[in-house]
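Shown next, in structure tokens, is the structure this report addresses.
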Amino acid sequence: MSDLDVLLREERSFPPPESFRRDALVGDDALHREGAADPDAFWARMARELTWIKPFTRTLDWTPPHAQWFADGTLNASVNCLDRHVEGPRRNKAALIFEGEPGDQRTLTYWDLYRKVNQFALVLDRLGVKKGDRVAIYLPMIPEAVIAMLACARVGAIHSVVFGGFSPESLRDRINDSQCKVLITADGSYRRGQVIPLKRNADKALAECPSIEHVVVVQRRAGAPGDAAFTEIKEGRDHWWHRLMREARNADGGFYRAPEEMSAEDLLFVLYTSGTTGKPKGIVHSTGGYLTAAAATTKYVFDLKEEDVYWCTADIGWVTGHSYIVYGPLANGATCVLYEGAPDWPEKDRFWAICERYGVTIFYTAPTAIRAFMKWGPEFPARYDLSRLRLLGSVGEPINPEAWMWYHEHIGHGRCPIVDTWWQTETGAIMITPLPGATATKPGSATVPFPGVSAALLDSAGQEIEVGGGLLALTRPWPSMLRTIWGDDQRFVDTYFSKWPGRPDLYFAGDGAKRDEDGYYWILGRVDDVLNVAGHRIGTMEVESALVDHPAVAEAAVVGKAHELKGQAIAAFVTLRAGHAPSGALRDELRDHVAEKIGPIARPDDILFSADLPKTRSGKIMRRLLRDIAEGRALGDTTTLADPGVVASLKDQYEAQE
Ligand code: PRX
């Protein structure tokens, strides 16, 4: 049965439990009604919950596809996440509860975080970072990552966080694309008991990054900071974080660094994500609009209360970490758990141990993790007291109803609403989601647009589909929408606002979805050449470029195939250059080569060697047929192939390999 068929048969519905609804911030349809009645006024009200230096008078300027929100207002994101809390009763509240993979723990109050962010802002000053400069952050999940991001925001620098699992080459390309001036990294990062040599990786990248003037290195590894065998410090360019922080003082001898006054439309960050070409896109986000939507969605989607302990398990290198570990929760003054390592280290119960240890009340993770928990078995969560949990979230990929039900029963004990949140790097904040006290949930459905957000399903001709399947579009601008692609506004227009000719106001999300009779959305997945492997976005072209970069490879085609745990896995079809013969060793070498070029998340599961690839008469590789082969389906229409024999022989080989 296909995913679509499974979803079409899903009829279970879970209204908000009465005990939850009674105390919820939103227990009825009032917020949805407010958003529908006047979306701009709704967002303006949300924006006014932030602290502005100069209040805005204009809400939206919309010249499709370019939008500006709150453009004449000024603010600083770090003030919203810190200063306004330390002035009041949250001063001594835990902001971050950190647990490292080896078991080390640190709690930073709002005051601690405020002080450190100010100090690091002074460090950035000293390194010559100015408003509008770009700063790359390549760090593990440690408090310094949050401090670095907020310090950039404080001085008006644009941060570009690069996931610590990315390779030196990926880091290099991202640094160079936006010409970062400073890189912040660490000597190492713990993962499944190993130390990933982040600084060594960074050094490889930096050999080809002329724009970098300074590198700040956090000492994460236990041991002496001068362990030169592990971490080389290049005199003049590289600096230990702790030394700079010790010396960080302003002219008055204090630690305070006045926040830059930023226009709402000034950029807060750039974050790279995969698209349909080989080159990752630098998604650009604004300050005022982004923060408005990140803060409002955190508050209402997670029903955030003062006493909650909130844990989002994403990495700061992805947008989920930006919006739902850093900006959204901290703007709301929440207590956030930050965990560095793997969920199965040293045992498969680590997440549940953390939930019990800190009394986590709100837990937000990805379906790929939930499917792994399911496979490991319910005995791991059953060892712990999870009775503090009151709300669960899911993000990053479609959640199959079976995983949803398992999450509901074994983690939520039937008592916690589940918010399945659909959104993207580009949308900056959650777009389609239940409000947990107001929306009845259905396993596998992200339900309905957040108040003030308008979505629709369209066919390729632009006809709206009320009930059935179609292409997902957002039909009105929203405050946290990407403003452009770094250095390539034309690509921004072409990718997101050109799907329906004559309609530059419609945002094309790249996802297919279905809508049921109740107006609920069921996201089916990408309709472009973008894969979603364990919740990570990877472009097929990126993997193909990495493969053809290997001297043995003549041509490569990459497709996604359904995978029980990861959602999708990468299958590659490769033709070799003359003089190279297929072998198991070469297959392993190619898989490693891709992991080295992009990062371990892009390592293909399958590689099939082939004498030829199925192409149309005009030379286009027919990926649809390759997907059929990789997923073991009957072959679709092959009549447009230049050489139908190719695909039959590929299918035989693939099956023989399995
Ligand atoms: O295909 C959708 C899927 O993840 C894509 C966005 O990936 P990224 O920009 O890396 O952001 C991930 C975290 C927001 C989308 O185009 N996706 C995200 N959330 C869901 C989802 N698919 C189904 N259900 C979701 N809740």
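Key figures for this structure:
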quantity: Long-range HN-HN contacts of residue 607 with modeled amide H, under 5 Å; calculated: 572
quantity: Contact order normalised by residue count of region 400-532, Cα under 8 Å, 6+ apart, percent; calculated: 20 percent
quantity: DSSP bridge pairs, region 93-241: antiparallel proportion in percent, nearest 5; calculated: 35 percent
quantity: Cα shape, region 95-196, gyration tensor, a/c 1.5 rule; calculated: oblate
quantity: Ranking of 98, 70, 373 by count of other Cβ atoms within 10 Å, fewest first; calculated: 98, 373, 70
quantity: DSSP beta bridges in the chain [antiparallel fraction, %, rounded to 5]; calculated: 60 percent
quantity: Expected 222 nm ellipticity per residue - DSSP helices of 4 or more, -39500 (n - 2.57), all of the chain, to 500; calculated: -8000 deg cm²/dmol
quantity: Whether region 130-260 is rounded, prolate or oblate, judged on the alpha carbon gyration tensor where a/c under 1.5 counts as rounded; calculated: oblate
quantity: Cut-off under 5 Å, modelled amide H: who pairs with residue 60 long-range; calculated: 70
quantity: Taking 312, 81 and counting other C-beta atoms within 10 Å, the order from fewest to most; calculated: 312, 81
quantity: Proximal lysines to residue 615, defined as alpha-carbon separation beneath 18 angstrom and excluding residues fewer than eight positions away on the same chain; calculated: 651
quantity: Ranking of 422, 111, 352 by count of other Cβ atoms within 10 Å, fewest first; calculated: 111, 352, 422
quantity: Among the listed pairs 116/299; 181/299; 499/620, those beyond 29 Å (Cα-Cα); calculated: 181/299
quantity: DSSP bridge pairs, region 550-611: antiparallel proportion in percent, nearest 5; calculated: 70 percent
quantity: Region 1-92: trypsin sites (Lys or Arg not before Pro) in DSSP loop, at most 16 other beta carbons within 10 Å; calculated: 9, 12, 48, 58, 91
quantity: Region 556-599: trypsin sites (Lys or Arg not before Pro) in DSSP loop, at most 16 other beta carbons within 10 Å; calculated: 577
quantity: Kyte-Doolittle at least 0.0, axis length at least 15 Å by Cα - qualifying DSSP helices, the chain; calculated: 143-155, 288-301
quantity: Amide H contacts of residue 191 (H built 1.01 Å from N, under 5 Å, at least 5 apart or other chain); calculated: 196
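Throughout, read-outs are computed from the coordinates displayed, never taken from laboratory work. These numbers were taken from a predicted model, which means no experiment stands behind them. Methodologically, a virtual Cβ is constructed for each residue, glycine included, from the backbone with ideal geometry; neighbour enumeration extends over all protein chains shown.
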